[in-house]
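For reference, the structure discussed in these notes is given below.
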Amino acid sequence: MRNTHSITLDRQDIKILEALQRNGRLSNVELSELVHLSASQCQRRRQKLEETGVVRNYIAQLDPEKIGLGVMALVSVSLDKHSEKIAEAFRTAIIEYPEVLECWGVAGDADYMLKIVAPDLKAFADVTLHRLLNLPMVSNVKSNLLLQTLKSTTELPVRWSI
């Protein structure tokens, strides 16, 4: 099912997006050479992709282990009760946890799925047992420690958009 809020992308836009996903630091000249467009055409297209929000940000991806964050887990969280006010209170609380890299509202056994990073198991236990479970709206927390990375990418399959 396609998003009804998506914009129309042509093959040149796709090429630009694929190149930028691989290397967001490309200069306009380098990008134009890769996608076989003039520098001015490439700049206009890139600017449109940024202005429309297709390109949200340019960031540096850090290696968690190299900066001492060796424990990563997916954590499911169930709430005791459900209302807009309670969901907003959970969202407000979880935003303040720097260890929570991502948080999704989900359908299934739990209400939310969190991606959490920590330097070690003691710090991870502190986040889950002493902070998450102490939130008044949280009734249950289940953790899955990630043992091995088989695939990790932020590249979206943009070719599906045409």
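Residue check: Cys103 meets all listed conditions (1) surrounded by 11 or more Cβ atoms within 10 Å (Cβ to Cβ); (2) under 17 Å from Lys142 (Cα atoms); (3) out of contact with any helix residue (DSSP H, G or I) (no Cβ under 6 Å at 6 or more places or on another chain) but one, namely (3).
Here Lys122 meets each of (1) within 13 Å of Asn144 (Cα to Cα); (2) open to solvent by 70 Å² or more (accessible area, probe 1.4 Å); (3) among the charged types (D, E, K, R) with one exception, condition (1). Going by the conditions given, is Lys85 open to solvent by 90 Å² or more (accessible area, probe 1.4 Å), over 23 Å from Trp160 (Cβ atoms) and part of a helix (DSSP H, G or I)? The answer is yes for Lys85. For the stretch 1-81, the helices (runs of 4 or more DSSP H) that sit wholly inside it and include 1 or more residues that are surrounded by 10 or more Cβ atoms within 10 Å (Cβ to Cβ) and touching a residue at least 40 places away in the same chain (Cβ under 8 Å) are 11-22. Highlighted here are the strands (runs of 3 or more DSSP E) found entirely within the stretch 92-159 that include at least 3 residues which are free of Cβ contacts under 8 Å to residues at least 60 places away in the same chain and of a type outside the set (A, V, I, L, M): 100-105.
The values are calculated or read from the model by the stated rules, or taken from the named source; none is laboratory data. A quick note: this is a predicted structure, and the numbers were derived from the prediction, not measured. Every residue, glycine as well, gets a Cβ built from its backbone with ideal geometry; the counts of neighbours run over all protein chains shown. Quick note on the areas: whole protein, heavy atoms, side chains included, nothing else; ligands and nucleic acids left out. Shrake-Rupley method; radii C 1.70, N 1.55, O 1.52, S 1.80 Å.
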